[in-house]
Amino acid sequence: MAKKFQNYINGKWVDAKSGRTFENRNPANWDELVGTFPLSSKEDVEEAVKAARKAFDTWRLVPAPRRGDIMRKVGDLLTSRKEEVAQQMTREMGKVLLETRGDVQEGIDTAYYASSEGRRLFGHTVPSELPSKFNMAIRVPIGVAAIITPWNFPMAIPTWKIFPALLCGNTVVFKPASDTPATATTLVEILLEAGIPPGVINIVHGGGTEVGIALVEHPEVDLVSFTGSTSVGKKISEIASRSLKRVSLELGGKNAQIVMDDADFDLALEGVLWGAFGTTGQRCTATSRLIIHESVYDKFTSMVVSATKKLRLGDGLKSGSDVGPCVNEKQRQIVDEYVKIGQAEGAKLLAGGKDATGDGLSKGWFYEPTVLGDVTRTMRVAREEIFGPVLSVIKAKSFEEAIDICNDTTYGLSSSIYTQDINNAYRAIRDIEAGITYINSPTIGAEAHMPFGGVKETGNGHREGGWTVYDFFTEWKTVYVDYSGTLQRAQIDSVDR
Ligand code: NAD
């Protein structure tokens, strides 16, 4: 019988107050039930926020290096359970084991980084303009953090948010995507085993419009860290702005790989296959557009098409599978609709283009890796995020036009250029409008200790990863210590008249 999972609120594993549940099934085999989970509502959120608020009183006083020690244990536990967690993740969201192992490793790297940050969390000391006076700016925790995450990186993305939030002394209410609640539950179990006290971490399963919204609206939630679609991100931003909550939004992408006429084509080919079809194209950083210099358009397009046709679709748990299923039925339908829209707009179907139903695929949400050629920049398949295994190929007359097409999008997350010309590589770094630019490597491949995020409608200017996320999860407090024993007036007594 499939496992029954629960929420974790105020130090206890509990059902949703309503008693309602939802199912989570394996997208590679919908007969396999991963588990049932609480379908929570506002009442459950209420309890979780109350617990997190209370726990903040004590957690904020735990020295940051001690919180860092717990993070080190989290890293150790994740390491020892890496294979088990990777298998669980593949079972619930479909990407191949090679990738789910990488997803867990990103969590491990993030834990050790957070652990080391416990002994830094640097502030500033700055000279005062007055004698016998000491000035400093220090970081302080903010309060209760709502963490709302998508399903495509079920371990990495929650750890990017939860580990720094906790390390900085905030308490957390975590609402994971309902396609990946099992991996999220494992993460909470690991945090508890490592020593996170009751109330400091809480998990509430359920839908975005019930649990997610209730968290964003809650007056006792101080900050919201959200990763997901741009449309939901905009709604969250509007609601949160009413109470001036701090909000970090990591949203959609329409990332391009540019291939110039002087590129190393074999390398560029490997890059585009990995970028476009890794995670079945369901990455915020997925290569969704391939922009090729016109003089090598036919040659490189045909290389891409023949390699795409050789990719092996299959259950991610089985060795030999290159590409797993779409995460669910709805996602596969969206992908198919876009392929039809593209063709109706004049794009040429060069590979794939339909549900895959061959051997071992008939009970999963598999879609053939798809290449659309002769795409122009105005087509919807060149502008809208598809979030599936579809690559739109666009021709560019020159380097300048390639950059212009690359920038002709409302999104701005990742980007890539393959060229051997060092001047063009640096021009691309200067001129591409994106949070991330790769030179001679694909649009995917973020490292945990580097800032991660995008420009334009990909976000609201915050960054995850590395040192930058610690700015989001702390407030600056400016402190003046006057040890002169007299009243000293800034801007008045410090100026000779
Ligand atoms: P989604 O926006 O549908 O859902 C994300 C999370 O928000 C889920 O937990 C969901 O339950 C919750 N949610 C949904 N509606 C809500 C609402 N009205 N209020 C509050 N919460 C709500 O996105 P998804 O389908 O889970 O993920 C795919 C999207 O995420 C893509 O657009 C992708 O580009 C984006 N993404 C971005 C990044 C990044 O770092 N920029 C990383 C991964 C995924």
Residue that is nearest to the chain's Cα centre (by Cα) [pool: residues in segment 320-351 that are free of Cβ contacts under 8 Å to residues at least 12 places away in the same chain and on the phi < 0 side of the Ramachandran plot]
Lys330
Scan of segment 238-252 for residues that are in contact with a helix residue (DSSP H, G or I) (Cβ under 9 Å, 6 or more places away or on another chain) and among the small types (Gly, Ala, Ser), ordered by number:
Ala240, Ser243, Ser248, Gly252
Within segment 198-209, the count of residues that are within 12 Å of the ligand (Cβ to nearest atom) and touching an Asp or Glu at 6+ places or on another chain (Cβ under 9 Å) comes to 3
Considering only residues that are within 17 Å of Lys254 (Cα to Cα) and β-branched (Val, Ile, Thr), look in segment 417-466 and name the one that is nearest to the ligand (Cβ to nearest atom).
Thr458
Condition (residue is in a loop (DSSP other than H, G, I, E, B), over 29 Å from Asp298 (Cβ atoms), modelled with pLDDT of 95 or more and not assigned by TED's automatic domain parsing to the domain that holds Thr301) applied to segment 476-484: is it met by at least one residue?
yes
Output for segment 279-294, where each listed residue is within 26 Å of Ser398 (Cβ to Cβ) and touching a Phe, Trp or Tyr at 6+ places or on another chain (Cβ under 6 Å):
Ile292
Out of Val296, Val327, sole residue that is in a helix (DSSP H, G or I), assigned by TED's automatic domain parsing to the domain that holds Asp355 and crowded, with 17+ Cβ neighbours inside 10 Å
Val296
Out of curiosity, is Glu337 within 16 Å of the ligand (Cβ to nearest atom), assigned to a helix (DSSP H, G or I) and surrounded by fewer than 21 Cβ atoms within 10 Å (Cβ to Cβ)?
yes
Among the listed residues Glu447, Glu464, which satisfies the condition of being under 21 Å from Gly278 (Cβ atoms) and assigned by TED's automatic domain parsing to the domain that holds Ile162?
Glu464
For segment 201-210, how many residues are in contact with a helix residue (DSSP H, G or I) (Cβ under 7 Å, 6 or more places away or on another chain) and surrounded by 24 or more Cβ atoms within 10 Å (Cβ to Cβ)?
5
From the options Ser229, Ser225, Ser241, residue that is assigned by TED's automatic domain parsing to the domain that holds Trp151, surrounded by fewer than 17 Cβ atoms within 10 Å (Cβ to Cβ) and within 11 Å of the ligand (Cβ to nearest atom)
Ser229
Quickly run through segment 247-284 and pick out the residues that are within 16 Å of the ligand (Cβ to nearest atom) and part of a strand (DSSP E or B).
Val247, Ser248, Leu249, Glu250, Asn255, Ala256
Residue satisfying condition, being among the aliphatic types (A, V, I, L, M), part of a helix (DSSP H, G or I) and surrounded by 20 or more Cβ atoms within 10 Å (Cβ to Cβ), within set Ile213, Ile196, Ile190
Ile190
Failed item, numbered, when Phe174 is tested on (1) assigned to a helix (DSSP H, G or I); (2) within 16 Å of the ligand (Cβ to nearest atom)
(1)
Evaluate segment 254-262: report whether one residue or more is touching a residue at least 24 places away in the same chain (Cβ under 8 Å), crowded, with 23+ Cβ neighbours inside 10 Å and touching a Cys at 6+ places or on another chain (Cβ under 7 Å).
yes
By residue number, the members of segment 389-400 that are closer than 19 Å to Val272 by Cβ and surrounded by fewer than 24 Cβ atoms within 10 Å (Cβ to Cβ) are Lys395, Ala396, Phe399
Of the residues that make up segment 7-22, is at least one under 30 Å from Phe277 (Cβ atoms), surrounded by fewer than 21 Cβ atoms within 10 Å (Cβ to Cβ) and modelled with pLDDT of 95 or more?
yes
Yes or no: Thr437 surrounded by fewer than 20 Cβ atoms within 10 Å (Cβ to Cβ) and closer than 30 Å to His124 by Cα?
no
Considering segment 142-160 alone, what residues qualify as being more than 16 Å from Val232 (Cβ to Cβ) and either within 14 Å of the ligand (Cβ to nearest atom) or surrounded by fewer than 24 Cβ atoms within 10 Å (Cβ to Cβ) (or both)?
Ile142, Gly143, Phe153, Pro154, Met155, Ala156, Pro158, Thr159, Trp160
Would you confirm whether or not segment 419-427 contains a residue that is aromatic (Phe, Trp, Tyr) and buried (at least 24 other Cβ atoms within 10 Å of the Cβ)?
no
Write out, first by first residue and then by second, each pair whose Cβ atoms fall under 9 Å of each other, whose residues are 6+ apart or on separate chains, and whose first residue, in segment 420-440, is without any contact (Cβ under 8 Å) to a residue 40 or more places away in the chain while the second is among the aromatic types (Phe, Trp, Tyr) and surrounded by fewer than 16 Cβ atoms within 10 Å (Cβ to Cβ).
Ile439/Tyr426
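The values are calculated or read from the model by the stated rules, or taken from the named source; none is laboratory data. All figures in this text were calculated on a predicted structure; none of them were measured in a lab. When we count neighbours, we look across all protein chains shown, and the Cβ atoms used for this are built from the backbone with ideal geometry, even at glycine.
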